[in-house]
Amino acid sequence: MGSKLRRGWPPLAVILLFLLAWQGVVMYGGIKPYLLPSPIQVIQEALSDKVWPRLVEHTLATAQRTLLGLFLGTAAGIVLSMLLHLLPGARRGLSPMLILSQNIPIIVLGPLLMIWLGFGELPKIVLIVLVCFFPITVAMMTGLRQSDPRLANYLAMIGAGRWTMFRRLELPGAVPYLFSGMKIAAAYSVTSAIVAEWLGAKSGLGYFIKLSASGFFTARVLAATGIIVLFSLLLYGLVAAAERWFVRWKPQGEGGGLQP
């Protein structure tokens, strides 16, 4: 417990100093609230009777889209990585398309999906899935290729086939890499959900920010931004906690070199 506190207090101290500096600049710098409200003003606005119920409603909408897109993106990334690993020809043929899919900015991809799929929930979920599956696919493929060659040779010596090698050695060894990719995807999923809601939605924090910005309600924009940051950190923390539970066999400091 003491070691966790020692590791945790430096970032908390930096955040506290930042908030104090922000409060001081606004209070003594004569900055108008519609340009930059103080942290206290942001909290007061967020907790007001008019704003808080709306923030809760839009947060739940964003969380639902994000979790569904992250789940589907994770499933798609796992399946695709296994197929590309087991089928070398498919890996050589599809890898350029996989990379190309990430070179299209989501601000461009979003409107295209809405033209093709309509203005309902489907294009928003598809956008989140397309953003999330790539880091999971790359991380998982990396893990599948990092199996211990000595164990691979031993399994080959005792007559293990390709499927047994994959199921007993390669797949378990790729689990830490999978969680590394999921941590990255967890952060990306929230961002892509906000962009999708900004482009076209009637609910969600992205929609709320768009409306608040058009009315120069800067405190509401910052309040929603704070919720987005906290939600991203919560998702990351949940994935990290799941990793510690599922990968209890992994020695401390070992594993997937994709840790952010």
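In Å², what does the accessible area per residue of the chain work out to with a 1.4 Å probe?
I get 59 Å² per residue for the chain.
Give me the distance in nm between label points sitting 7 Å out from Cα along the Cα-to-Cβ direction at Thr164 and Arg150, one decimal.
Label-label distance for Thr164 and Arg150, simple model: 2.1 nm.
Relative to the Cα centre, what is the charge dipole magnitude of the chain, using +1 at the beta carbon of each Lys and Arg, -1 at the beta carbon of each Asp and Glu, and rounding to the nearest 20 debye?
500
Kyte-Doolittle cut-off -1.0, length cut-off 24 Å along the helix's own axis using Cα: show which whole DSSP H helices in the chain pass.
Result, helices passing both filters: 2-29, 52-86, 122-144, 171-199, 218-246.
Mean residue ellipticity at 222 nm from the helices of the chain, using -39,500 (n - 2.57) per DSSP H segment of n ≥ 4 over the full residue count, to the nearest 500 deg cm²/dmol?
Helices in the chain give a 222 nm mean residue ellipticity of -26000 deg cm²/dmol.
Given R₀ = 25 Å, what would the calculated FRET efficiency be for Val229 paired with Tyr34, taking r from the Cβ atoms and rounding to 0.05?
0.70
Can you bin the chain into rounded, prolate or oblate? Criterion: square roots of the alpha carbon gyration tensor eigenvalues sorted a ≥ b ≥ c, rounded for a/c under 1.5, prolate for a/b above b/c, oblate for the rest.
Oblate, because a/c is 1.5 or more while a/b does not exceed b/c.
Taking the Cα centre of region 43-246 as the origin and placing charges on Cβ (Lys, Arg +1; Asp, Glu -1), which of Phe119, Gly73, Gly173 is farthest toward the positive end of the dipole?
Projecting each Cα onto the dipole axis, the largest value belongs to Gly173.
Could you give the nm distance between label points at Gln102 and Phe216, where each point is 7 Å from its Cα heading toward the beta carbon?
4.2
Quote to one decimal, in nm, the extra length available between Val56 and Val247 on full extension: 0.36 nm per residue of separation minus the C-alpha distance between them.
Between Val56 and Val247, full extension yields 65.3 nm more.
For the pair Leu67/Ser203, report the inter-label distance in nm, with labels modelled 7 Å from Cα in the Cβ direction.
Distance between the two pseudo-spin positions: 1.4 nm.
So how much slack lies between Leu19 and Gln44, counting 0.36 nm per residue of separation and subtracting their Cα-Cα distance, in nm?
7.5 nm
The values are calculated or read from the model by the stated rules, or taken from the named source; none is laboratory data. Here the structure is a predicted model, which is why all the values come from computation and not from measurement. Glycine gets a Cβ as well: all are built from the backbone with ideal geometry, and neighbour counts include every protein chain shown. Quick note on the areas: whole protein, heavy atoms, side chains included, nothing else; ligands and nucleic acids left out. Shrake-Rupley method; radii C 1.70, N 1.55, O 1.52, S 1.80 Å.
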